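Peer 1: Mind having a look at this structure? Questions to follow.
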Amino acid sequence: MIKQTVQDALNEQINAEIYSSYMYYAMASYFDSISLDGFSHWLRVQALEELTHVQKIAGYLNERGGRVNMKAVEAPPNEWDSPLACFEAVYAHECKVTELINSLMDLALAERDHATVSFLNWFVDEQTEEESNTDAVVQKLKLVDGNKGGLFMLDREMDARTFVLPAELTGVF
Ligand code: FEO
């Protein structure tokens with residue numbers, strides 16, 4: 001049976017992952033409003049991916065005899081000054097999520113909950129990828145520097161992203 005402290009912290013992480021999804025959907029809507037459909041598509045895929053993170057944690061909690069508890073989700077911003085400002089916010093958010101995962105890992109280690117340490121290793125690796133992918137978009141937007149042709153090309157590149165349902169979640173969604 002999972003300890004209450006770890007259970008509570010994992011429930012907090014579920015809330016953070018749902019907020020991430022909610023915020024990325026708000027960002028997709030911002031890009032819809034400025035007709036950059038490829039960026040919108042990329043962010044909607046990201047929003048879906050965040051929901052798979054929610055399910056991974058919920059599934060793990062259930063497996064360990066815990067209970068999922070949903071809480072109020074904070075309202076995200078709805079406007080950004082530019083595509084670059086928006087993606088700088090994406091990158092900053094992912095860095096914040098990395099810190100949350102690190103704190104969760106610290107707690108699991110302190111509680112000698114090795115099963116949760118093992119479970120969280122996937123999230124540690126995922127955050128390296130999330131930071132790298134979002135920073136890459138920031139760097140490209142800086143290179144483009146507001147140039148309409150460059151932005152159009154980048155928008156097409158963003159449109160190529162596909163959503164891949166993790167194998168272990170087949171049949172869950
Ligand atoms: Fe679930 Fe983007 O971290």
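Peer 1: Among the residues of segment 151-158, are any in contact with a helix residue (DSSP H, G or I) (Cβ under 8 Å, 6 or more places away or on another chain), more than 16 Å from the ligand (Cβ to nearest atom), under 27 Å from Q7 (Cβ atoms) and modelled with pLDDT of 95 or more?
Peer 2: No, segment 151-158 contains no residue that is in contact with a helix residue (DSSP H, G or I) (Cβ under 8 Å, 6 or more places away or on another chain), more than 16 Å from the ligand (Cβ to nearest atom), under 27 Å from Q7 (Cβ atoms) and modelled with pLDDT of 95 or more.
Peer 1: Let me ask something additional. What number of residues within segment 65-83 are open to solvent by less than 80 Å² (accessible area, probe 1.4 Å), of a type in the set (A, V, I, L, M) and either more than 26 Å from D37 (Cα to Cα) or more than 18 Å from the chain's Cα centre (by Cα) (or both)?
Peer 2: Going through segment 65-83 one residue at a time, the tally reaches 2.
Peer 1: Let me ask you something else. Confirm whether L120 is surrounded by 18 or more Cβ atoms within 10 Å (Cβ to Cβ) and either acidic (D, E) or closer than 23 Å to R44 by Cα (or both).
Peer 2: In short, no.
Peer 1: Answer yes if at least one residue in segment 159-173 is surrounded by 12 or more Cβ atoms within 10 Å (Cβ to Cβ) and among the hydroxyl-bearing types (S, T, Y), and no otherwise.
Peer 2: no
Peer 1: Take L109 and tell me if it is of a type in the set (A, V, I, L, M, F, W, C), open to solvent by less than 50 Å² (accessible area, probe 1.4 Å) and more than 16 Å from the ligand (Cβ to nearest atom).
Peer 2: No, not satisfied.
The values are calculated or read from the model by the stated rules, or taken from the named source; none is laboratory data. Small disclaimer: the values here were computed from a predicted structure and weren't measured. When we count neighbours, we look across all protein chains shown, and the Cβ atoms used for this are built from the backbone with ideal geometry, even at glycine. Ligands, DNA and RNA are stripped out before the accessible areas are found, and what is left, the full protein with its side chains, is counted by its heavy atoms. Shrake-Rupley method; radii C 1.70, N 1.55, O 1.52, S 1.80 Å.
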